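Visitor: First the structure, which I've put down as structure tokens, then a few questions once you've had a look.
No lab work stands behind these numbers, since they all come straight from the coordinates. Nothing here was measured: the structure is a model prediction, and the numbers come from that model. We place every Cβ from the backbone using ideal geometry, glycine too, and count neighbours over all the protein chains shown.
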Amino acid sequence: MAFKINLNEVQMKPHPKFEGVKVGYVITKEKHPELSIIILELDSGVEIPLHTHEKEVDSIFIIEGEGEMYMGDNWQTVKKDDIIAIASKELHGLKAKKPLKCYVVHAPALW
């Protein structure tokens, strides 16, 4: 199963839980049960609160912007071109200092 998606063609929609966050669904579990891929856009000052994923590993690539990611028991600066990997059950969160755009892969699929 192969997919080719142009990021400029991904339709961004309001996140179902977080105000100031948009999500673009690239690959969902309906298309591929082993992974999901989304684009997240956070307005400046917006925070995705601390949370965990029971089964899913998070792989996050910062496409644009700057913020802070909670991982390893502290907040760390993240910026364009950073790649972050978060294990399942690991506490994490994200704050946007400047508008942030992230490419996020969950495996197995979350969305």
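Visitor: Please enumerate the residues belonging to region 1-38 that are over 16 Å from Leu110 (Cα atoms) and among the hydrophobic types (A, V, I, L, M, F, W, C).
Guide: Correct list: Met1, Ala2, Phe3, Ile5, Leu7, Val10, Met12, Phe18, Val21.
Visitor: In this structure, is Ile5 of a type in the set (Val, Ile, Thr), more than 16 Å from Gly65 (Cβ to Cβ) and not in a loop (DSSP other than H, G, I, E, B)?
Guide: No, not satisfied.
Visitor: Looking only at residues in region 1-15 that are aliphatic (A, V, I, L, M) and exposed (fewer than 10 other Cβ atoms within 10 Å of the Cβ), which one is farthest from Ile39 (Cα to Cα)?
Guide: Met1
Visitor: So, one more: Within region 24-75, work out how many residues are out of contact with any Gly (no Cβ under 7 Å at 6 or more places or on another chain) and closer than 12 Å to Gly93 by Cα.
Guide: The qualifying residues number 12.
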